[in-house]
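Comments concern the structure below.
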2 protein chains.
Amino acid sequence: MEYKTASYEKLAGELEALRSEYEKIKAEKLSLNMSRGRPCTEQLDLTEGLLSVLYKNDMCNLSGNTDVRNYGVLSGIEDIKNIFAPILGAENGEVFVGGNSSLNLMYDLVADGMLYGYEGCTPWAKLPEVKFLCPVPGYDRHFAICEKLGIRMINVPMTKTGPDMDAVEKLVAEDELIKGIWCVPKYSNPQGITYSDETVARFADLSPAAKDFRIFWDNAYVIHDLDDTPDTLAPLLVMAKKTGKQNMVFEFTSTSKITYAGAGVSFLAASADNIKTVSSRIGIRTIGYDKVNQLRHALFFKTTENVYEHMKLHAAILRPKFDIVINTLEGELESTGTASWHRPHGGYFVSLDLMPGTAKRAWQLAKEAGVVLTTVGATYPYKLDPLDSNIRIAPSNTTCEELEKAMHVLCVCAKIAAAEKLTENK
Amino acid sequence: MEYKTASYEKLAGELEALRSEYEKIKAEKLSLNMSRGRPCTEQLDLTEGLLSVLYKNDMCNLSGNTDVRNYGVLSGIEDIKNIFAPILGAENGEVFVGGNSSLNLMYDLVADGMLYGYEGCTPWAKLPEVKFLCPVPGYDRHFAICEKLGIRMINVPMTKTGPDMDAVEKLVAEDELIKGIWCVPKYSNPQGITYSDETVARFADLSPAAKDFRIFWDNAYVIHDLDDTPDTLAPLLVMAKKTGKQNMVFEFTSTSKITYAGAGVSFLAASADNIKTVSSRIGIRTIGYDKVNQLRHALFFKTTENVYEHMKLHAAILRPKFDIVINTLEGELESTGTASWHRPHGGYFVSLDLMPGTAKRAWQLAKEAGVVLTTVGATYPYKLDPLDSNIRIAPSNTTCEELEKAMHVLCVCAKIAAAEKLTENK
């Protein structure tokens with residue numbers, strides 16, 4: 001039934017039926033969670049070999065007199081750069097290997113902007129105001145960094161090809177206080193959209209008023225394909241080198257969703273100039289990140305090709321879950337005409353746009369029925385979804401059986417919220 | 001021969017003999033390094049079991065539904081806190097477990113002061129000036145953090161019982177812009193001095209003008225004893241709780257010199273209030289540090305007692321090296337009356353005070369003879385040793401044979417520099 005065109009009586013009848021269904025669900029006292037993009041145990045188990053692949057003292061001494069157990073080699077060992085630099089579209093010299101968290105690298109590079117600045121410009125903390133562009137919906141932890149540091153966030157709408165580039169180009173050209181933009185360019189969080197070649201080309205040739213503008217290119221899902229028709233993302237760093245604007249690009253990724261969410265290896269890819277600047281600052285923080293874990297990863301994967309092969313094992317676990325999400329949405333919500341979504345070919349999320357003004361209510365109903373979803377608003381700066389519409393679905397860390405149940409609950413709650421809204425003023 | 005009281009002729013003769021000895025040394029084309037406190041391979045090899053102690057998927061699931069491979073548990077797992085909290089004189093709830101680098105925790109907490117402040121006071125970056133007290137000689141990486149962040153460093157002399165507390169008390173009471181002090185309270189870097197009970201008691205009851213003053217208590221060598229008469233350090237955090245000034249204390253340590261210098265686990269011990277503040281800020285940076293490595297350490301050591309036992313294995317390797325350093329200094333330099341040093345009962349360094357005005361020259365001579373020492377001045381803020389006197393000796397990462405040679409070279413160079421100085425104006 002198409003809700004918006006249905007008669008009051010029909011909708012009221014539907015609402016009654018839905019409420020009855022909802023009461024039955026509540027009686028089941030469920031406890032399900034689709035709130036965070038956590039890998040499931042089955043995925044974590046794929047990497048058992050990583051635990052013990054490096055097991056002997058004499059395996060720790062690399063050529064070039066580097067003992068991974070000791071201090072030194074600030075930017076990371078070549079063995080791991082050899083494998084992951086090609087994935088990032090970078091040369092080894094353009095890669096800095098971090099600790100277990102690419103988020104931490106991102107935070108540090110924004111904080112460096114605040115404290116030291118870039119390109120010899122004024123440190124951002126000394127400016128009257130600093131602003132970042134935030135394509136929305138987006139990743140809550142990016143927004144949290146800006147909020148904590150007092151960086152004003154400006155929403156830019158996402159389109160099917162990435163951020164609205166007309167808006168981005170105009171804003172950065174006009175305002176020197178705009179110092180950065182957050183991007184998840186492949187299988188975006190939460191929508192699963194991959195930026196088009198044209199979008200990436202426009203990023204590579206961006207002309208910001210701020211000389212020290214930086215694109216925070218969080219390529220978290222760079223090889224996280226789900227099916228046989230994966231998206232492809234144009235290589236920003238390579239393209240920016242052609243326009244001579246390579247210093248604008250900070251590209252990040254990690255093995256958090258390749259090996260272990262809590263114990264992987266993170267990477268920064270950037271121009272040689274930027275790597276030099278960043279290294280001189282990180283070298284004040286630490287003598288180096290965990291090279292034993294870097295070597296462990298290098299020994300486990302051996303080649304770039306093997307990393308891609310490994311991702312197929314993840315896809316085999318995740319794909320059925322994404323199918324359940326999409327199939328349930330299609331089966332239960334499509335006919336109501338109240339919601340929309342994108343079927344992603346990779347990544348960790350499905351973004352569900354409910355009828356404006358109903359997301360919080362649907363979330364609350366789901367919560368009371370024992371299904372925890374990402375807080376409404378979390379996908380927007382300042383936790384403020386202006387339309388009260390967007391819900392992020394994270395299907396990875398539930399079983400298929402749980403997920404079927406949870407998705408059904410979500411659809412019932414979404415329909416109740418929509419039917420309530422449409423009947424309340426009639 | 002006592003240099004300062006020797007006749008010009010005697011000293012000139014000595015210098016000639018030393019120069020002849022020096023030329024012979026140079027002909028050997030040595031390549032020896034005593035510049036950094038790096039553990040040697042034999043020490044790193046002690047921990048082989050750590051590499052493979054955690055080898056199976058089902059070992060990664062702790063009680064309480066914590067999978068160490070996944071996201072979460074920001075402040076670290078209880079298993080590792082159980083072992084190390086007692087070493088820090090802290091409750092589990094007063095411990096935050098970091099990544100592989102306690103230096104990184106220290107940097108982050110100073111940077112947090114700059115960006116966010118403490119105790120609700122003005123962020124330090126917004127003040128006209130911020131100052132830290134630096135007991136000298138001290139640790140170059142502490143000073144580098146302040147220098148990078150533009151924090152003005154004020155030297156405070158070290159005594160045999162720790163920093164000159166009269167000076168510390170007076171300075172912090174008078175100047176609200178003094179926001180912190182760097183301390184290596186046990187086996188200080190570089191002197192190997194342990195703060196006396198009275199010194200620690202005075203720290204625990206310090207009354208700074210700045211409400212947001214912090215003691216950066218870098219307890220890097222907390223259990224790093226070398227012999228059977230180790231120093232004991234009073235527990236600052238416990239004592240500060242008694243004076244009600246516990247929020248003043250940030251205590252750090254790591255397993256960098258217990259397990260692996262590049263792949264250990266770091267710890268912050270602080271008041272419950274501070275842990276709450278710090279966690280809320282670190283939680284913006286990262287979803288959590290490497291818990292797999294935390295569990296690896298917990299499984300390897302099992303108990304606090306075993307950590308102490310393990311340190312005896314390190315001591316057995318290091319003690320002969322420290323003996324060589326001290327014996328060579330006593331045998332070759334003592335009679336000249338131009339140098340002084342302290343025989344430490346633990347830690348990683350011997351601090352050698354040469355005749356004022358001769359350290360750089362001795363360093364340069366040693367370098368030209370193939371012996372690399374920590375750069376003169378590195379043990380002082382702004383790399384400026386006002387007396388040109390202090391040389392830090394790091395004996396850990398050389399063989400005993402190399403060390404005997406290197407120490408002899410150093411002594412010859414120190415004597416040449418002193419004899420040159422004493423004869424130049426006669």
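Taking the stated definitions as given, is A:Gly99 closer than 13 Å to A:Val265 by Cβ and either within 23 Å of the chain's Cα centre (by Cα) or open to solvent by 10 Å² or more (accessible area, probe 1.4 Å) (or both)? Give the derivation first.
On the way: closer than 13 Å to A:Val265 by Cβ: yes; either within 23 Å of the chain's Cα centre (by Cα) or open to solvent by 10 Å² or more (accessible area, probe 1.4 Å) (or both): yes.
For A:Gly99, the condition - closer than 13 Å to A:Val265 by Cβ and either within 23 Å of the chain's Cα centre (by Cα) or open to solvent by 10 Å² or more (accessible area, probe 1.4 Å) (or both) - is met.
Can you list the helices (runs of 4 or more DSSP H) lying wholly within region B:216-319 that have 2 or more residues being within 14 Å of another protein chain (Cβ to nearest Cβ)?
Details: elements: B:236-243, B:272-285, B:291-301.
Qualifying helices (runs of 4 or more DSSP H): B:272-285, B:291-301.
Given B:Ala417, B:Ala406, B:Ala378, which one is assigned to a loop (DSSP other than H, G, I, E, B) and either surrounded by 21 or more Cβ atoms within 10 Å (Cβ to Cβ) or touching a residue at least 40 places away in the same chain (Cβ under 8 Å) (or both)? Show your work before the answer.
Values: B:Ala417 fails: assigned to a loop (DSSP other than H, G, I, E, B); B:Ala406 fails: assigned to a loop (DSSP other than H, G, I, E, B).
Of B:Ala417, B:Ala406, B:Ala378, the one residue that is assigned to a loop (DSSP other than H, G, I, E, B) and either surrounded by 21 or more Cβ atoms within 10 Å (Cβ to Cβ) or touching a residue at least 40 places away in the same chain (Cβ under 8 Å) (or both) is B:Ala378.
What is the residue count in region A:347-366 for residues that are out of contact with any Pro (no Cβ under 6 Å at 6 or more places or on another chain) and under 29 Å from A:Ile87 (Cα atoms)? I'd like the intermediate steps shown before the answer.
Of all residues in region A:347-366, those out of contact with any Pro (no Cβ under 6 Å at 6 or more places or on another chain) come to A:347-348, A:350, A:352-366.
Narrowing the set further to residues that are under 29 Å from A:Ile87 (Cα atoms) leaves A:347-348, A:350.
Within region A:347-366, residues that are out of contact with any Pro (no Cβ under 6 Å at 6 or more places or on another chain) and under 29 Å from A:Ile87 (Cα atoms) number 3.
Considering each residue of region A:212-255, count those that are of a type in the set (S, T, N, Q) and touching a Pro at 6+ places or on another chain (Cβ under 8 Å), and give that number.
We begin by selecting, within region A:212-255, every residue of a type in the set (S, T, N, Q); these are A:219, A:229, A:232, A:243, A:246-247, A:253-255.
If we keep only those that are touching a Pro at 6+ places or on another chain (Cβ under 8 Å) as well, we get A:219.
Of the residues in that region, 1 qualify.
State all residues of region B:1-51 that are within 10 Å of chain A (Cβ to nearest Cβ) and of a type in the set (Gly, Ala, Ser); if no residue qualifies, say none.
B:Gly37, B:Gly49
Search region B:275-288 for residues that are open to solvent by less than 10 Å² (accessible area, probe 1.4 Å) and pair each with any residue that is of a type in the set (Asp, Glu) when their beta-carbon atoms are under 8 Å apart and the residues are at least 6 apart or on different chains.
If the second residue must be of a type in the set (Asp, Glu), the pairs left are B:Val278/B:Asp112; B:Ile282/B:Asp108; B:Arg285/A:Asp108; B:Arg285/B:Asp108.
For A:Thr255, all conditions in the list (1) buried (at least 16 other Cβ atoms within 10 Å of the Cβ); (2) out of contact with any helix residue (DSSP H, G or I) (no Cβ under 8 Å at 6 or more places or on another chain) hold save one; what is the number of the exception?
In the conditions (1) buried (at least 16 other Cβ atoms within 10 Å of the Cβ); (2) out of contact with any helix residue (DSSP H, G or I) (no Cβ under 8 Å at 6 or more places or on another chain), A:Thr255 misses (2) alone.
Could you grab the pairs with beta carbons closer than 8 Å, sequence gap of 6+ or different chains, first residue in region B:102-129 and β-branched (Val, Ile, Thr), second one not in a helix (DSSP H, G or I)?
B:Val110/B:Ile151; B:Val110/B:Gly180; B:Val110/B:Phe216
Tell me which residues, restricted to region A:55-70, are touching a residue at least 60 places away in the same chain (Cβ under 8 Å) and assigned to a loop (DSSP other than H, G, I, E, B).
A:Cys60, A:Val68, A:Arg69
With the condition kept exactly as written, say whether any residue in region B:317-333 is open to solvent by 60 Å² or more (accessible area, probe 1.4 Å) and of a type in the set (A, V, I, L, M).
The answer is no; no qualifying residue exists.
Among the residues of region B:52-70, how many are closer than 14 Å to B:Gly288 by Cα and more than 9 Å from chain A (Cβ to nearest Cβ)? Break it down stepwise before answering.
The first filter runs over region B:52-70 and keeps only residues closer than 14 Å to B:Gly288 by Cα, leaving B:66-70.
Subsequent filtering for residues that are more than 9 Å from chain A (Cβ to nearest Cβ) retains B:66.
Qualifying residue count for the region: 1.
Out of all the residues in region A:154-185, which are closer than 21 Å to A:Tyr118 by Cβ, surrounded by fewer than 20 Cβ atoms within 10 Å (Cβ to Cβ) and under 21 Å from the mean Cα position of the chain (by Cα)?
A:Ile154
Take the residues in region A:109-153 that are under 18 Å from A:Ser280 (Cβ atoms) and hydroxyl-bearing (Ser, Thr, Tyr), then tell me which one is least open to solvent (accessible area, probe 1.4 Å).
A:Tyr118
Only one of B:Ser20, B:Ser7, B:Ser31, B:Ser52 is surrounded by fewer than 16 Cβ atoms within 10 Å (Cβ to Cβ), without any contact (Cβ under 8 Å) to a residue 24 or more places away in the chain and closer than 30 Å to B:Ala316 by Cβ. Can you tell me which? Walk me through how you get there before you give the answer.
Values: B:Ser20 fails: closer than 30 Å to B:Ala316 by Cβ; B:Ser7 fails: closer than 30 Å to B:Ala316 by Cβ; B:Ser31 fails: without any contact (Cβ under 8 Å) to a residue 24 or more places away in the chain.
Of B:Ser20, B:Ser7, B:Ser31, B:Ser52, the one residue that is surrounded by fewer than 16 Cβ atoms within 10 Å (Cβ to Cβ), without any contact (Cβ under 8 Å) to a residue 24 or more places away in the chain and closer than 30 Å to B:Ala316 by Cβ is B:Ser52.
Count, please, the residues in region B:34-49 that happen to be more than 23 Å from A:Leu50 (Cα to Cα), open to solvent by 40 Å² or more (accessible area, probe 1.4 Å) and part of a helix (DSSP H, G or I). Even if it seems obvious, please write down each step before you answer.
Taking region B:34-49 as the starting set, the residues that turn out to be more than 23 Å from A:Leu50 (Cα to Cα) are B:34-43.
Now drop any that are not open to solvent by 40 Å² or more (accessible area, probe 1.4 Å), which leaves B:36, B:38, B:41-42.
Subset that is part of a helix (DSSP H, G or I): B:41-42.
Residues meeting the conditions: 2.
The values are calculated or read from the model by the stated rules, or taken from the named source; none is laboratory data. The shown structure was predicted, so the numbers you read here are calculated from the model rather than taken from an experiment. Reconstructed Cβ throughout: ideal geometry from the backbone, glycine too, with neighbour counts over all protein chains shown. Protein only, heavy atoms only, side chains kept; ligands, DNA and RNA dropped before computing areas. Shrake-Rupley method; radii C 1.70, N 1.55, O 1.52, S 1.80 Å.
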